[in-house]
Amino acid sequence: MGLGISYALPRALVWPSGPLDAPLPVPGFGVVAVNGDLHEGVTMFSRIAAKTGRTWLMAGFANDYTSICRDIVLLRPTLMGVEITTVHPFIERDGAAMILLSACATRAFAFNARGQIADVPPPPRSSVSRGADRGWGELKRRMRASAVGHEFWPLESWEIRVA
């Protein structure tokens, strides 16, 4: 499922109502799927984010066999270093664009059509649970739709998918 999320997540954020196989902008942000302990991945991609000035999203899976994403970590270069924040997909209402909401629900991030990240106002606390369910549901739908009917991954992709 790591390949699925590294393909579906950037498209859901950049082209929320576009086709599942929409081309992605460059420059943009990177997406990586990691199995097991996230610590090494966070360390490595923090360095890459700082060096390249590119934002990275790291999707964490427990092992090679699970399809359940347990965490998404945002690694965002800043003037002071690299901001590291656990986030989850969020859709406030049907038809709204997907954003990323921090685990504490006090920060929210959106991506434009060029793949650039921006801070946006966080949604009301009363909508956090339903919005997170919609966000994860849409991401899972996109992951399944990208792979349906294919014995092998149908789209060009790598474990590290640069958007």
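Quick look at the numbers
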item: Taking Lys140, Lys51 and counting other C-beta atoms within 10 Å, the order from fewest to most; result: Lys51, Lys140
item: Percentage, to the nearest whole number, of Cα pairs in the range 40-89 over 12 Å apart; result: 60
item: Distribution of pairwise C-alpha distances over the range 1-150, 10 Å bins, in %; result: 11, 43, 38, 8, 0
item: Shape call, the range 36-120: gyration tensor on alpha carbons, a/c limit 1.5; result: oblate
item: Rounded to whole Hz, the Karplus (6.51, -1.76, 1.60) HN-Hα couplings of the range 100-107, x for glycine and proline; result: 10, 10, 5, 4, 8, 6, 9, 10
item: Loop chymotrypsin sites (Phe, Trp or Tyr not before Pro), the range 19-123 (other Cβ atoms within 10 Å of the site Cβ: 13 or fewer; DSSP); result: Tyr65
item: In nm, spacing of pseudo-spin labels at Ala97 and Arg114 (7 Å Cα→C-beta vector); result: 1.4
item: ³J(HN,Hα) computed for each position of the range 110-116 - Karplus, 6.51 cos²θ - 1.76 cosθ + 1.60, integer Hz, glycine/proline x; result: 10, 10, 8, 5, 9, x, 8
item: Table column - 3J(HN,Hα) (Hz), the range 70-81, Karplus curve with 6.51, -1.76, 1.60, x for Gly and Pro; result: 8, 8, 10, 10, 8, 10, 10, x, 9, 5, 8, x
item: Share of alpha-carbon pairs per 10 Å distance bin for the range 77-144, given as whole %; result: 20, 51, 25, 4
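None of the figures in this text is laboratory data; all of them are computed from the coordinates on show. Small disclaimer: the values here were computed from a predicted structure and weren't measured. Here the Cβ is made from the backbone with ideal geometry for all residues, glycine too, and neighbour counts use every protein chain on show.
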